[in-house]
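J.: Structure below; questions to follow.
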Amino acid sequence: MPEKVAIEMTVNGKRYEGLVEPRLSLADFLRDQLGLTGTHLGCEQGICGSCTVLFNGETVRSCLLLAVQAQGGAILRVEGLAAKAKNGAPLHPIQQGFIETLGFQCGFCTPGFLITIYEFLGENPSPSEAEIRER
């Protein structure tokens with residue numbers, strides 16, 4: 001059995017530590033060791049995007065990133081979006097928009113969509129329809 005490695009990272013603004021096997025995915029660390037299940041696992045091949053998180057400001061598929069690669073990093077997950085809401089709103093405007101326009105189906109991939117949109121709007125706060133479609 002491989003020797004475990006100590007890691008620490010910030011997730012949604014809170015510091016976490018853990019001991020992990022070197023080949024444990026970030027998704028599995030978040031879900032199984034930290035009990036943070038808002039990030040979903042779908043295909044576990046990086047294709048579906050349901051496990052998408054923001055890692056040091058960029059979207060990554062957490063099923064493809066090893067937990068040890070996230071050492072010292074900052075991760076934003078879907079639950080952390082609400083903390084970025086303004087004026088005391090309980091949800092981030094992106095989350096509220098999904099609710100108001102029924103922008104989800106079963107909801108399984110919704111966390112990945114929300115994080116991807118958050119990153120996109122951070123880069124381009126006023127995208128054109130063509131830019132939205134391309135993204």
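J.: Order ILE94, ILE47, most accessible first, counting only protein heavy atoms with a 1.4 angstrom probe.
T.: ILE47, ILE94
J.: Shifting gears a bit: Using the crude model of +1 on Lys and Arg Cβ and -1 on Asp and Glu Cβ, and no other charge, please compute the dipole size for segment 5-52 relative to its Cα centre, in debye to 20.
T.: 140 debye
J.: Starting from 0 in steps of 5 Å, tell me what percent of the Cα-Cα pairs of segment 29-85 lands in each bin.
T.: Over segment 29-85, the share of Cα pairs per 5 Å bin runs 4, 19, 30, 30, 13, 3, 0 percent.
J.: Then there is this: With only Lys, Arg, Asp and Glu charged, each at its Cβ (+1 for the first two, -1 for the last two), find how big the charge dipole of the chain is about the Cα centre; round to the nearest 20 debye.
T.: Around 220 debye, computed over the chain.
J.: Only one of the listed values, (1) 38, 37, 25; (2) 39, 31, 27; (3) 50, 33, 27, was derived from the coordinates as Cα extents along the principal axes in Å; which label is it?
T.: Structure-derived value, by its label: (3).
J.: Mind checking segment 31-133 for GluC sites (Glu not before Pro) that DSSP puts in a loop (not H, G, I, E or B) and that have at most 13 other Cβ atoms within 10 Å?
T.: Filter output for segment 31-133: empty list.
J.: Taking segment 53-114, how much of its Cα-Cα pair set, in percent, is spaced more than 20 angstrom apart?
T.: Across segment 53-114, Cα pairs with separations above 20 Å total 35 percent.
The values are calculated or read from the model by the stated rules, or taken from the named source; none is laboratory data. Source: prediction; values computed, not measured. Methodologically, a virtual Cβ is constructed for each residue, glycine included, from the backbone with ideal geometry; neighbour enumeration extends over all protein chains shown. We work out accessible area using only protein heavy atoms, side chains counted, and drop any ligands, DNA or RNA first. Shrake-Rupley method; radii C 1.70, N 1.55, O 1.52, S 1.80 Å.
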